[in-house]
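Have a look at the structure below before the remarks.
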Amino acid sequence: MRKYLTEPLKQEMTAWRHDIHQHPELGFKENRTAEKVAELLKDFGIETHERIGGTGIVGVLKKGNSNRAIGLRADLDALPIQERGACCYRSVHDGIFHGCGHDGHTTMLLGAAHYLAQHGDFDGTVYFIFQPGEENGKGALAMMADGLFERFPMHAIYGMHNMPGIPTGQFAVKSGQMMTSEDNFVITITGKGGHASMPHMTIDPMVIGAEIVLALQTITSRSISPADWGVVSVTEFLTDGARNILPSTVIIKGDVRTLSADIQVLIEKRMRELVDGIAKAHGATACVEYSYEFVALVNSEHETAAAIDAAEQTVGAEKVDGNCRTNTVSEDFAQFLRQVPGCFILIGNGDEKDDRPLHNPFYDYKDANLTIGADYWVNLVQRQLSAEDRII
């Protein structure tokens, strides 16, 4: 196993993460975070390009004479959730915090950039990509629209995300489809509100909405083959009613995950049919807004082999699952993989029973992971851009 980061650098990285965690920012508003990243990259002696795709940053580090180049990507943004943990570096911004570990992702890539700038033994170019707006699924497209791959041409791109449920110090990845797509929907039901004591004089959208919520679950259980896969989740139920007032309008919002474009289309079609039919049966009207937000993430075979190799070099082969099961979350990095071959890997953030899931108000990235992730990045670069032993 090859480890590179020293204890002093680990302490610096911990301080960087705690500072980023304490000052979280939402997508495309990561101004302070981006400024910190840019200042550190410049301090490392790395050529730094700012405001790419909004608040995105790209650091360029070239050594030797090779024209080979790879990109390493981390995400900058936080979540619109109130942090409820009690750590000393707790978020200073009400309703915003790093509940997905992006503070750790940014710090790991910064640590790798620091080491590679000072001691990196490779031949080629590394692009350190710090992406805004991952959580809203728009940051990758924004960076590409701003010429990411034209301005910084690369042979492959790699990403990493922490994952609770996988022990700290372990990795998981697979070639091919590794994560799902994500769609969002908004259903608006319009009835006729009135007094709660006289429901016979109304067209109650609450009852209609409840029926629709239950009916939506039949899409995956009765319209999709057991050989396929899909999830339909209702996440919000909003009304304009009150204690003694039956509402006139109900809004239902939710989330859809699938593994194939055909199932995406089928779910949207069945949702529209069910909503329209149920609303008409009750004398109400309804409309469905359906949006395709994240595409499925598909890892390239060649680059996945390189990622597995780097992970094994970092923690040992026994701690790397190179054929993990498909993960049900979605990831904006998938948009990059539609343009450039690459691989997205998961780094464990603990499997203890009391560990919180991603997007939980008590979630926190484990500092023990910082050097593990940074060492992985260093191993990947020095293997991929080595003149003697390269995989590309």
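One residue alone among Ala305, Ala284, Ala317, Ala261 is small (Gly, Ala, Ser), free of Cβ contacts under 8 Å to residues at least 24 places away in the same chain and either touching a Gly at 6+ places or on another chain (Cβ under 6 Å) or surrounded by fewer than 22 Cβ atoms within 10 Å (Cβ to Cβ) (or both), and that residue is Ala317. Given the condition at pLDDT 95 or above, surrounded by fewer than 16 Cβ atoms within 10 Å (Cβ to Cβ), more than 18 Å from the chain's Cα centre (by Cα) and not in a loop (DSSP other than H, G, I, E, B), answer yes or no: does some residue in region 356-372 qualify? Checked region 356-372: no residue is at pLDDT 95 or above, surrounded by fewer than 16 Cβ atoms within 10 Å (Cβ to Cβ), more than 18 Å from the chain's Cα centre (by Cα) and not in a loop (DSSP other than H, G, I, E, B). Filtered by the rule that a residue be surrounded by 18 or more Cβ atoms within 10 Å (Cβ to Cβ) and either outside any strand (DSSP E or B) or at pLDDT below 95 (or both), region 189-206 gives Gly191, Gly193, Thr202, Asp204, Pro205, Met206.
Would it be correct to say that Val186 is outside any loop (DSSP other than H, G, I, E, B) and within 26 Å of the chain's Cα centre (by Cα)?
Details: outside any loop (DSSP other than H, G, I, E, B): yes; within 26 Å of the chain's Cα centre (by Cα): yes.
Here the answer is yes, as Val186 does meet what is asked.
In the condition set (1) under 17 Å from the mean Cα position of the chain (by Cα); (2) at pLDDT below 95, Gly350 is compliant with all but (1). Within region 16-30, which residues are surrounded by fewer than 19 Cβ atoms within 10 Å (Cβ to Cβ) and of a type in the set (Val, Ile, Thr)? Within region 16-30, none qualify.
Are there strands (runs of 3 or more DSSP E) fully within region 1-95 with at least 2 residues that are modelled with pLDDT of 95 or more and of a type in the set (Asp, Glu)? List them.
47-52
The values are calculated or read from the model by the stated rules, or taken from the named source; none is laboratory data. Note that the structure is a prediction, hence the values are computed from the model and not measured. Backbone-built Cβ (ideal geometry, glycine too); neighbour counts: all protein chains shown.
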